[in-house]
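Colleague: What follows is a structure written as C-alpha cells; I'll ask about it next.
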Amino acid sequence: SIPFAAMASNVAALFGLPLLLTSAHNLTVAQVGYVLLPGALLTAALGVVAGRLVDLIGAGIPVRVGVAMMLLAMLGLSSYAGSGVWLISIFMAILGAGFALVNTPLAAVVSLVVRTQVLALALSINSMLFFAGGSFGIALLTAIVITRSGDSVSALNPLHSGQGVG
C-alpha cells in the first residue's frame, strides 16, 4: 500500500543517511542536520500546500506526483550516495517534498471517503500502515547494512560505483 511504502522509504533514508554522512563523508552531527534540513522544511511547508491541492483537484494527482518524486529521490540517493553532500541534500529535499504530497492527501482522502462512524478506525489503520512501513524500512536497511558488513566492493544499485559503495 502507498502509506506503507512511502513511510518505509522516507524513514529508511532518515535513519540511514546520517550513518552514511558521518562514516563515508566524515560530517559532524550538526553538518548532517544541515544536509537533512531542506527535506524537513519542504515536508512541513508542502504538507499545507498538499492539503489545499486535495481540496482543489483531489488527491490523485498530488499522490502520483509525490510517489514519482519519492522514487526519483530514492534512485538518486542510491546512485549518488558517495557524491557531494549538496547533491544528497537536494535528493533529500525531493524526498521530503514527495512525502508531503503523499502523506497529507492520503490522510485527507481517508477522512473524505469514510463514513463518520468508522472514521477513527480508518485513520488508525492509515496511521498503522505508516508506522509499520517505517519499521519495515528501518529493518530492511539494517538487514542490508549488516549483511554487507562494510567491506563489500559491489553496489546493490548497478548505477552506483562511487564512494560508500558497500
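The values are calculated or read from the model by the stated rules, or taken from the named source; none is laboratory data. This one's a predicted model, so the numbers in the text were calculated from it and none came from an experiment. Positions of Cβ are backbone-derived with ideal geometry, glycine not excepted, and every protein chain shown enters the neighbour counts. When the accessible area is computed, the model is the full protein with side chains, heavy atoms only, and any ligands, DNA or RNA have been set aside. Shrake-Rupley method; radii C 1.70, N 1.55, O 1.52, S 1.80 Å.
Condition check ((1) charged (D, E, K, R); (2) assigned to a helix (DSSP H, G or I); (3) over 16 Å from A12 (Cα atoms)) across all residues:
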{"residue": "M74", "(1), (2), (3)": "no, yes, no"}
{"residue": "G82", "(1), (2), (3)": "no, no, yes"}
{"residue": "W86", "(1), (2), (3)": "no, yes, yes"}
{"residue": "G96", "(1), (2), (3)": "no, yes, no"}
{"residue": "F99", "(1), (2), (3)": "no, yes, no"}
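Colleague: Could you list, in sequence order, the residues of region 35-48 that are at pLDDT 90 or above and surrounded by 14 or more Cβ atoms within 10 Å (Cβ to Cβ)?
Modeller: Hits for region 35-48 are V35, L36, L37, P38, G39, A40, L42, T43, L46.
Colleague: Sticking with this structure for a sec: Go through (1) modelled with pLDDT of 90 or more; (2) within 10 Å of the chain's Cα centre (by Cα); (3) open to solvent by less than 60 Å² (accessible area, probe 1.4 Å) and name the single condition V63 misses.
Modeller: (2)
Residue by residue, here is whether (1) of a type in the set (V, I, T); (2) farther than 21 Å from I144 by Cβ; (3) open to solvent by 10 Å² or more (accessible area, probe 1.4 Å) holds:
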{"residue": "V67", "(1), (2), (3)": "yes, yes, yes"}
{"residue": "L71", "(1), (2), (3)": "no, no, yes"}
{"residue": "M74", "(1), (2), (3)": "no, no, yes"}
{"residue": "A81", "(1), (2), (3)": "no, no, yes"}
{"residue": "F91", "(1), (2), (3)": "no, no, yes"}
{"residue": "L95", "(1), (2), (3)": "no, no, no"}
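Colleague: Could you tell me which residue of region 2-33 is farthest from A68 (Cα to Cα), considering only residues that are in contact (Cβ under 8 Å) with a residue 40 or more places away in the chain and β-branched (V, I, T)?
Modeller: Residue satisfying both the conditions and the ranking: V11.
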